[in-house]
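The values are calculated or read from the model by the stated rules, or taken from the named source; none is laboratory data. Source: prediction; values computed, not measured. Here the Cβ positions follow ideal geometry from the backbone for every residue, glycine too, while neighbour counts run over all protein chains shown.
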Amino acid sequence: MVQQTLNTPEELLRFQLRTAMTMEHDSLAALGELAKAAKSPEIKKLFRHHATETEEQVANLQQAFKLLGYKESTAPSPSTKGISKQAASLLERSAPKLRDQVAVSSALGNEHYEISAYEALILPARAHGLTDVVALLQANLDQETHTSEELRTTLEKLLG
């Protein structure tokens, strides 16, 4: 595989947008696995709800590609692959009574990564005056932040 050198802020933005698309596709797959692993119907429902939101986030990214005149594509996201592998490893090692805690904790870690990825996209998009793109990315960031708060609250309940 040939590594492309990113030479301009625009090339970096495009690459990060492509990585975000991979990130969201990886999240959809992970959410399905976490929903299967969870024992609590409430937690399964939370993961299914977030999967629906993730599909909306993919649609927002698709719209951002169109607004920027970029062909929709993906780029490697080793971080999300690693987060998913870590979750799978923890779930394999965990007793059934810990499954919900492990699933929610793993999802929370993924949300924090996604929050930072969107923040890293929004700042340069804003600096380039890409108002419509910023609005789409901000909508995704707002959903990710809300989901992170839901997961944190759920984890607190599990631990209480």
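Quick look at the numbers
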item	result
Filter pass, R99 being among the basic types (K, R), touching a residue at least 40 places away in the same chain (Cβ under 8 Å) and either surrounded by 13 or more Cβ atoms within 10 Å (Cβ to Cβ) or closer than 15 Å to S27 by Cβ (or both)	yes
Among the residues listed as A120, A103, the single one being modelled with pLDDT of 95 or more, closer than 20 Å to T54 by Cα, under 14 Å from the mean Cα position of the chain (by Cα) and aliphatic (A, V, I, L, M)	A120
Filter pass, A59 being over 23 Å from F15 (Cβ atoms), assigned to a helix (DSSP H, G or I) and out of contact with any strand residue (DSSP E or B) (no Cβ under 6 Å at 6 or more places or on another chain)	no
Residue list for the range 123-160, filter: within 19 Å of L28 (Cα to Cα) and either out of contact with any Leu (no Cβ under 7 Å at 6 or more places or on another chain) or at pLDDT below 95 (or both)	L136, A139, N140, L141, D142, Q143, E144, T145, H146, T147, E149
Hey, A75 part of a loop (DSSP other than H, G, I, E, B) and of a type in the set (A, V, I, L, M) or not	yes
Count - residues of the range 50-85 that are surrounded by 13 or more Cβ atoms within 10 Å (Cβ to Cβ), within 24 Å of K157 (Cβ to Cβ) and at pLDDT 95 or above	4
Selected residue (only one of K44, K39 is closer than 23 Å to H146 by Cα and either outside any helix (DSSP H, G or I) or in contact with a strand residue (DSSP E or B) (Cβ under 9 Å, 6 or more places away or on another chain) (or both))	K39
